[in-house]
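K.L.:
First the structure, then my questions, so here it is.
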Amino acid sequence: MRLPGRLAAAIEVLTDVETRHRPVSEALKAWGINNRFAGAGDRAAIGNLVYDALRKRASHAAAMGSDSPRALVLAVAMRDWGETPEALNAAFADDSHAPEALSEAEVAGATADLSKAPPVAQSDFPQWLVPSLERAFGADWIAEGAAMAGRPSLDLRANALKAGPEKVVKSLARFAPQPTTIAPFGITMPAGPRDARTPNVTTDEGYQKGWFEVQDQGSQIVAALAGAREGEQVLDLCAGAGGKTLALAATMGNKGQIFAYDSDRSRLAPIYDRLKRNGVRNAQVRAPNDGALDDLIGKMDRVVVDAPCTGTGTWRRRPDTKWKLTPELLAQRQSEQAALLVEAARYVKPGGTLVYITCSILPEENDDQTAAFLAANSGFQTIDMARAWRQALITDLPEGLATNGGGICLTPRRTNTDGFYCHLLRKA
């Protein structure tokens, strides 16, 4: 397929997403099934167009004077991919699968100046979240939003139980991997421009042998900050598919015991194969049954709560969720998080640590939650995050990461990671 056909396909997919209210991944898969003539390169390019359109939906709509799928996709082609209106119209005229020629308003959108546009357009954040974002980032909230509207890198974590970063880099040399800037076992492949394809590293021999896992550098950092040590008893209360369980096991050198639990059995299902492939021997999976964790009450050195949240920190990877988030969903997540903190506290032994993590950038899910918990639980106190950072990552805590409430917040702009929050609480 040539660019005009790819643009038309992206408009079709984005229309499907908006009219049927389904995830981008499902719409792209359905389009691929119905158009089997499209090659892998075509599907990657169409996916990039759709995701780029959603990442910058507000700014592109402001430039084009419309938020229609056509306007957004054309904005990506001209404002992000560097195509000129003249080149597009010439290509459209020579391709039967192309969209209609650009209108005068669309041509003007290619070079529209957004420096005086409303702040929400410049930031590509939903309007209703502005007060929260101003609380989180102060005057930097627009810049934080612009960074979150970019493409994410592909990050890996070398599995210290089987391989070091050098071995993984050598195995993936064809993809030009680089060391991450903070996570000591991290490897990254920056996102490419335009129609660049994300490397399919899971087909690599090293992945099959358990040398590495796909894991954002931010997730690696907060897993390291959990501070798990050899010989400890650790409960991963919201283990999901096991990403942080695997990282904790590597940090502990397979010594001690990790109890991996999740209230949703389907989320937990992939963990068994991942544990085996990674060579993890110190993890015990607890299925969600009545009393499944009763024998752990008051005995855990560390309880890790990777709490369910709005996922605002992952908007680079799932931009469609940015525009679907509602106050009602935020309130629901806050209720779940508060209950989880109370539940987690039951398992922490005296002198033990409660690790609260979210992939959110909103203070309602972060500092507000830990502040409310501390107010109701005088037996816990905040651990110095600067000291924890030095111990876990052997560097000083970068300026600007500490939050007013005693946690730390990672963002694409600050750390070139997804958005993550981490707060450590010690039981007296």
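The values are calculated or read from the model by the stated rules, or taken from the named source; none is laboratory data. Values in this document were obtained by computation on a predicted structure and should not be read as measured data. FYI the Cβ positions are ideal-geometry reconstructions off the backbone, even for glycines, and counts take in every protein chain you see.
K.L.:
Checking the condition under 23 Å from the mean Cα position of the chain (by Cα), in a helix (DSSP H, G or I) and modelled with pLDDT of 95 or more, which residue from A45, A87 passes? Explain how you work it out, then say what you get.
P.N.:
Values: A87 fails: under 23 Å from the mean Cα position of the chain (by Cα).
Among A45, A87, only A45 is under 23 Å from the mean Cα position of the chain (by Cα), in a helix (DSSP H, G or I) and modelled with pLDDT of 95 or more.
K.L.:
Something else: Examine region 395-408 for a residue that is part of a helix (DSSP H, G or I) and not aromatic (F, W, Y), and state whether such a residue exists.
P.N.:
Of the residues in region 395-408, the ones part of a helix (DSSP H, G or I) are none.
The answer is no, given that none of the residues of region 395-408 is part of a helix (DSSP H, G or I) and not aromatic (F, W, Y).
K.L.:
Would you call K167 over 22 Å from the mean Cα position of the chain (by Cα), in a loop (DSSP other than H, G, I, E, B) and modelled with pLDDT of 95 or more?
P.N.:
Values: over 22 Å from the mean Cα position of the chain (by Cα): yes; in a loop (DSSP other than H, G, I, E, B): no; modelled with pLDDT of 95 or more: yes.
No; evaluated as a whole, the condition is false for this residue.
K.L.:
So which residues in region 355-382 are among the aliphatic types (A, V, I, L, M), in contact with a Lys or Arg (Cβ under 9 Å, 6 or more places away or on another chain) and over 10 Å from G407 (Cα atoms), if there are any at all? Steps first, answer last, please.
P.N.:
Kept after step one, since they are among the aliphatic types (A, V, I, L, M), are these residues of region 355-382: 355, 357, 361-362, 371-372, 374-376.
This time we only want the ones that are in contact with a Lys or Arg (Cβ under 9 Å, 6 or more places away or on another chain), so: 355, 357, 362.
Once the filter is applied, which keeps residues that are among the aliphatic types (A, V, I, L, M), in contact with a Lys or Arg (Cβ under 9 Å, 6 or more places away or on another chain) and over 10 Å from G407 (Cα atoms), region 355-382 yields V355, L362.
K.L.:
Shifting gears a bit: Given (1) under 26 Å from the mean Cα position of the chain (by Cα); (2) of a type outside the set (G, A, S); (3) more than 28 Å from A105 (Cβ to Cβ); (4) part of a helix (DSSP H, G or I), where does R22 come up short, assuming only one miss?
P.N.:
(4)
K.L.:
Which residues, counting only those in region 25-42, are of a type in the set (D, E, K, R), surrounded by fewer than 18 Cβ atoms within 10 Å (Cβ to Cβ) and part of a helix (DSSP H, G or I)?
P.N.:
As a first pass, look at region 25-42 and keep what is of a type in the set (D, E, K, R): 26, 29, 36, 42.
Of the ones still in play, those that are also surrounded by fewer than 18 Cβ atoms within 10 Å (Cβ to Cβ) are 26, 29, 36.
Of everything in region 25-42, those that are of a type in the set (D, E, K, R), surrounded by fewer than 18 Cβ atoms within 10 Å (Cβ to Cβ) and part of a helix (DSSP H, G or I) turn out to be E26, K29.
K.L.:
Here are some residues: G298, G313. Which one is surrounded by fewer than 21 Cβ atoms within 10 Å (Cβ to Cβ) and either in the same structural domain as Q257 (by TED's automatic domain parsing) or modelled with pLDDT of 95 or more (or both)?
P.N.:
Values: G313 fails: surrounded by fewer than 21 Cβ atoms within 10 Å (Cβ to Cβ).
Testing whether each residue is surrounded by fewer than 21 Cβ atoms within 10 Å (Cβ to Cβ) and either in the same structural domain as Q257 (by TED's automatic domain parsing) or modelled with pLDDT of 95 or more (or both) leaves just G298.
K.L.:
Does Q337 meet the test of being surrounded by 13 or more Cβ atoms within 10 Å (Cβ to Cβ) and touching a residue at least 24 places away in the same chain (Cβ under 8 Å)? Before you say what the answer is, go through the steps one by one.
P.N.:
Details: surrounded by 13 or more Cβ atoms within 10 Å (Cβ to Cβ): yes; touching a residue at least 24 places away in the same chain (Cβ under 8 Å): yes.
Judged against the criteria, Q337 is a match.
K.L.:
For region 139-178, enumerate the residues that are of a type in the set (F, W, Y) and closer than 13 Å to P199 by Cα.
P.N.:
So in region 139-178, the residues of a type in the set (F, W, Y) come out as 141, 175.
F175, the sole residue that qualifies.
K.L.:
If you check every pair at least six apart or on different chains, which have Cβ atoms under 7 Å apart with a residue in region 126-144 that is buried (at least 19 other Cβ atoms within 10 Å of the Cβ) first and a residue that is of a type in the set (V, I, T) and in a helix (DSSP H, G or I) second?
P.N.:
Partner pairs satisfying both residue conditions: none exist.
K.L.:
Which residue out of F137, F185 is closer than 21 Å to R274 by Cβ, of a type in the set (F, W, Y), outside the structural domain of A249 (by TED's automatic domain parsing) and modelled with pLDDT of 95 or more?
P.N.:
On the way: F137 fails: closer than 21 Å to R274 by Cβ.
Answer to the selection: F185.
K.L.:
Just for region 275-309: of the residues that are of a type in the set (D, E) and free of Cβ contacts under 8 Å to residues at least 40 places away in the same chain, which one is farthest from A247 (Cα to Cα)?
P.N.:
From region 275-309, those of a type in the set (D, E) are 290, 294-295, 301, 306; that's our starting set.
Those still in the list that are free of Cβ contacts under 8 Å to residues at least 40 places away in the same chain too: 290, 294-295.
Numbers: D290: 27, D294: 25, D295: 24 Å.
So, considering only residues that are of a type in the set (D, E) and free of Cβ contacts under 8 Å to residues at least 40 places away in the same chain, the one farthest from A247 (Cα to Cα) is D290.
K.L.:
While we're looking at this one, here's another question. Can you spot a residue in region 239-254 that is among the hydroxyl-bearing types (S, T, Y), closer than 20 Å to A183 by Cβ and in contact with a helix residue (DSSP H, G or I) (Cβ under 9 Å, 6 or more places away or on another chain)? So that I can check it myself, show each step before the final result.
P.N.:
Of all residues in region 239-254, those among the hydroxyl-bearing types (S, T, Y) come to 245, 251.
Pick out the ones that are also closer than 20 Å to A183 by Cβ and you get 245, 251.
Still in the list and also in contact with a helix residue (DSSP H, G or I) (Cβ under 9 Å, 6 or more places away or on another chain): 245, 251.
Yes - at least one qualifying residue is present in region 239-254.
K.L.:
Any idea which residue in region 403-428 is nearest to the chain's Cα centre (by Cα), counting only those that are surrounded by 16 or more Cβ atoms within 10 Å (Cβ to Cβ) and of a type in the set (A, V, I, L, M)?
P.N.:
L410
K.L.:
Additional query: Just give me the residues in region 100-121 being within 18 Å of V73 (Cα to Cα) and crowded, with 19+ Cβ neighbours inside 10 Å, in sequence order.
P.N.:
Residues satisfying the conditions are L102, E106, G109, A110, A121.
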